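This report concerns only the one structure given below.
The values are calculated or read from the model by the stated rules, or taken from the named source; none is laboratory data. For clarity, every value in this text was computed on a predicted model and none was experimentally measured. Heads up, the Cβs are rebuilt from the backbone with ideal geometry, glycines too, and the neighbour counts pull from every protein chain shown. In case anyone asks, the SASA skips ligands and DNA or RNA and just uses the protein heavy atoms, side chains included. Shrake-Rupley method; radii C 1.70, N 1.55, O 1.52, S 1.80 Å.
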Amino acid sequence: MRVGVIIPAAGQSRRFGDLDKLAQDLGGRAVLLRTVELFTKRDDVVAIVIAGPPDDLENFKTRYGPALSFHGAKIVAGGRVDRWESVRNALAALPDDLTHIAIHDAARPCASVDLLARVFDAAKVASAVIPGVTVTSTLKRVSETTVSAAEDDAVASAILGDFGMQATRGRAVTATIDRENLVLAQTPQIFDAALLRRAYASANLAGTTDDASVVEQLGETVVVVEGDSRNLKITTQDDLALARAIMGIKSSSSSQSSSYRFE
Ligand code: CTP
Ligand code: MG
């Protein structure tokens with residue numbers, strides 16, 4: 001296999017708060033670098049392209065360029081809004097002679113060596129492979145807006161007061177979803193290189209949030225192999241603390257403001 005890897009890293013970390021989640025410290029190195037290093041250890045990975053934030057690309061290159069070029073990785077401008085745009089831009093920067101292309105979220109630094117091996121091995125016999133974890137909780141669809149939990153607002157207000165009333169607001173369940181045969185899709189997702197290029201050239205990309213769904217539009221079978229619940233996507237501050245715990249990183253380097261510096 002000659003695998004090219006795309007790391008979408010152009011997101012704005014909105015749910016993380018004011019900080020850039022990919023710049024946070026994970027035991028002495030930025031989240032982004034930890035993620036890239038997952039792939040530099042593999043002999044079958046021959047090219048890595050990182051899609052960075054288009055509006056802050058020079059800064060991104062200054063911060064990460066030296067470490068990334070040490071790994072032979074290239075930086076391109078990602079999409080301003082959608083992840084698929086970042087992947088599409090990175091695809092154009094990969095070499096032509098690849099047999100496979102893998103895409104892995106920059107925000108998933110905890111993927112294990114075993115998980116990568118499982119997904120890459122399956123790609124030797126299937127043209128589209130993704131890791132998935134089974135859903136263990138009961139799934140509910142809820143109303144878009146909040147409703148009052150009190151049967152009688154006037155009575156509840158008299159008992160609870162305004163503050164208590166706020167605490168009784170919630171969303172109404174509109175359906176319970178059968179969780180049988182449902183999985184949560186993770187990355188890395190890996191594809192036959194020609195298939196992925198064809199899919200990105202011809203599918204309707206609007207609204208897609210992973211790469212498998214782009215390939216699914218061509219009617220191709222996407223195979224799900226066992227994922228790993230520790231392969232979390234850092235979305236909120238709590239996820240960063242979890243990632244540090246999973247990676248066995250001691251709390252001395254885990255203060256929330258300890259963003260990695262690039263001196
Ligand atoms: N991503 C990207 N280009 C975009 C949007 C997202 O490359 N236009 C990347 C992110 O950098 C991240 C991965 O896609 O590595 C998954 O996205 P997500 O976890 O949603 O990250 P953000 O978009 O940064 O976070 P948020 O949605 O909270 O703003
Ligand atoms: Mg996002």
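Cβ separations smaller than 7 Å between residues 6+ apart or across chains give the following pairs from region 205-223 residues that are farther than 18 Å from Ile7 by Cα to residues that are loosely packed, with under 15 Cβ neighbours inside 10 Å: Gln217/Asn204.
Condition check ((1) in a helix (DSSP H, G or I); (2) out of contact with any Cys (no Cβ under 8 Å at 6 or more places or on another chain); (3) open to solvent by less than 70 Å² (accessible area, probe 1.4 Å)) across all residues:
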position: Arg198; (1), (2), (3): yes, yes, no
position: Ala201; (1), (2), (3): yes, yes, no
position: Thr209; (1), (2), (3): no, yes, no
position: Val214; (1), (2), (3): yes, yes, yes
position: Arg230; (1), (2), (3): no, no, no
position: Ile234; (1), (2), (3): no, yes, yes
position: Arg244; (1), (2), (3): yes, yes, yes
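Looking at the structure I just gave you, is Val133 without any contact (Cβ under 8 Å) to a residue 60 or more places away in the chain, of a type outside the set (S, T, N, Q), out of contact with any Phe, Trp or Tyr (no Cβ under 8 Å at 6 or more places or on another chain) and outside any helix (DSSP H, G or I)? No; evaluated as a whole, the condition is false for this residue.
Looking only at region 128-153, residues that are under 19 Å from Val183 (Cβ atoms) and open to solvent by less than 50 Å² (accessible area, probe 1.4 Å) come to 7 in all. Does region 167-183 include one or more residues that are at pLDDT 95 or above, surrounded by 15 or more Cβ atoms within 10 Å (Cβ to Cβ) and hydrophobic (A, V, I, L, M, F, W, C)? Yes, the conditions are met somewhere in region 167-183.
Tally time: how many residues in region 1-15 are near ligand 1 (Cβ under 6 Å from one of its atoms), out of contact with any helix residue (DSSP H, G or I) (no Cβ under 6 Å at 6 or more places or on another chain) and not small (Gly, Ala, Ser)?
The number of residues fulfilling the criteria is 3.
Summed over region 164-201, the residues that are over 30 Å from Thr145 (Cα atoms) and in contact with an Asp or Glu (Cβ under 8 Å, 6 or more places away or on another chain) give a count of 6.
Among the residues of region 90-99, count how many are open to solvent by 60 Å² or more (accessible area, probe 1.4 Å) and within 15 Å of Asp210 (Cα to Cα).
Total meeting the criteria: 0.
Would it be correct to say that Val224 is open to solvent by less than 50 Å² (accessible area, probe 1.4 Å) and aliphatic (A, V, I, L, M)? Considered against the rule, which asks whether it is open to solvent by less than 50 Å² (accessible area, probe 1.4 Å) and aliphatic (A, V, I, L, M), Val224 comes out as no.
Looking only at residues of region 12-31 that are among the acidic types (Asp, Glu) and away from ligand 2 (no atom under 14 Å from the Cβ), we find that the one that is nearest to Tyr64 (Cα to Cα) is Asp25.
A quick yes/no check of all residues on (1) in contact with a helix residue (DSSP H, G or I) (Cβ under 8 Å, 6 or more places away or on another chain); (2) of a type in the set (D, E, K, R); (3) open to solvent by less than 10 Å² (accessible area, probe 1.4 Å); (4) not assigned by TED's automatic domain parsing to the domain that holds Phe120:
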residue: Asp20; (1), (2), (3), (4): no, yes, no, no
residue: Leu26; (1), (2), (3), (4): yes, no, yes, no
residue: Leu38; (1), (2), (3), (4): yes, no, no, no
residue: Val49; (1), (2), (3), (4): yes, no, yes, no
residue: Glu58; (1), (2), (3), (4): no, yes, no, no
residue: Thr62; (1), (2), (3), (4): no, no, no, no
residue: Gly79; (1), (2), (3), (4): yes, no, yes, no
residue: Arg88; (1), (2), (3), (4): yes, yes, no, no
residue: Asp105; (1), (2), (3), (4): yes, yes, no, no
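Can you name the residue in region 20-29 that is under 17 Å from the mean Cα position of the chain (by Cα) and farther than 30 Å from Thr99 by Cα and is also nearest to ligand 1 (Cβ to nearest atom) among such residues? Here the residue is Lys21.
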